[in-house]
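Nothing in this text is a laboratory measurement; each read-out follows from the coordinates by a stated rule. For clarity, every value in this text was computed on a predicted model and none was experimentally measured. Note that we place each Cβ from the backbone using ideal geometry, even for glycine, and neighbour counts take in every protein chain shown.
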Amino acid sequence: MVNKRYVARRLALMVVSLFTVITILFFLFRMVPGGPMSAIMSPRMSPEAQRRVIEEFGLNEPLWKQYLLYMAQVVQLDFGQSFYYSRPVTNIIGDRFINTMSLMLTAFTISYAFGIFFGAQLGWIRGTTKERAGMLVVLLLRSTPVFWTGMIVLYIFSFELGMFPLGGMRGVTANYSGTADKFLSVDFLYHLALPVFTLCTYYTGLPLLLMRNNLLEVLSEDYIDTARAKGLTNRRILFQHAVRNAILPVVTAFAIAVGFAVGGQVLIETVFSWPGLGREMVQAALRSDYPVAQGAFALMSFIVITMNFIADIAYTYLDPRVKLGGT
């Protein structure tokens, strides 16, 4: 059973960590040469127009007061107005977040499912020709730059064969009645296929290698020999005894990977013109659109911190021997 005091301490630590990150982001973006005003001011503006714009975004206040007002807004999940879009930041990063997670969660789910299964298989047949061939393929795919793989996949299946679209997440004539209709449509899945395939060729390697290496250690344990002595089948020994104990580090890796997935895979989103959060963060930084950049980084930090916490708690259910925070 999870120690409630430990959970409370971890939750408090999460709040402090997130508060620290948001504070650093606030002051960091204002230390950039020119500051926020360089993004919204134009030399062609009249002094009166410049004054109105400064007041509209609250940049006429002292820095300490701007900080307090900003933190008060963040508590209400209000990250201000975008300099570039003139829209609430929450709406912008919310749309991009959904787009990114539809791509990244699909890729991670497939990658970790395949990685755990085939990693266990490779660990079980260690030393065979099949294991060496499998490791060669995995290491080759893992060491190949993901953007290069994306361009090759795009060239073959889109330019040459014309089987898939060149990019984006919807067709030009596509019209959706709602969010559910959009993400469950054949057109969306059609656009999703190539970027997910590209990401899977790269991300499958990590859980596969982790699972294989952990399984090799588990197979030397006494309870595996006991299971063999009882006459259990190889399949039952592998999946009911060995895999369950070897999967713990993979769970941690998955939780952390999902956290960082919020930032998206910028290169893949660029190659496939996917309107995700990672691509938007880069564009916001280039445009000096600080409210959007701050909001996106804050969201990513929150997810990373939360997923680490979930990974710690999940350990207690996967392995009862793990005790968090004492008794």
If you plug each phi of the range 20-27 into the Karplus form 6.51 cos²θ - 1.76 cosθ + 1.60 with θ = phi - 60°, what whole-Hz ³J(HN,Hα) values come out, in order, with x for Gly and Pro? 5, 4, 5, 5, 4, 4, 4, 6
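Quick check: from the Cα gyration tensor, does the range 269-318 come out rounded (a/c under 1.5), prolate or oblate? Working shown, then result.
Details: a/c = 5.92, a/b = 2.09, b/c = 2.84.
Judged from the Cα gyration tensor, the range 269-318 comes out oblate (a/c at least 1.5, b/c at or above a/b).
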In terms of the alpha carbon gyration tensor, root eigenvalues a ≥ b ≥ c, rounded if a/c is under 1.5 and otherwise prolate when a/b exceeds b/c or oblate, the range 198-246 is prolate
Local electrostatic count at Leu267 - Lys and Arg +1, Asp and Glu -1, tallied over other residues with Cβ under 15 Å: -1
Within the range 69-88, the residues whose backbone N lies under 18 Å from a label point placed 7 Å from the Cα of Thr23 along the Cα-to-Cβ direction are 69-76
Taking the highest mean first, how do the peptides 8-16, 210-218 order by number of other beta carbon atoms within 10 angstrom per residue? 210-218, 8-16
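For the range 77-210, what does the alpha-carbon gyration tensor say about shape, rounded, prolate or oblate, given a ≥ b ≥ c as the root eigenvalues, a/c under 1.5 as rounded, and a/b over b/c as prolate?
Prolate is the answer for the range 77-210, as a/c is 1.5 or above and a/b outweighs b/c.
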Highest mean first, what order results for 229-236, 268-275 on Cβ atoms within 10 Å? 268-275, 229-236
Within a Cβ distance under 15 Å of Met300, other residues only, what is the Lys/Arg minus Asp/Glu net charge? 0
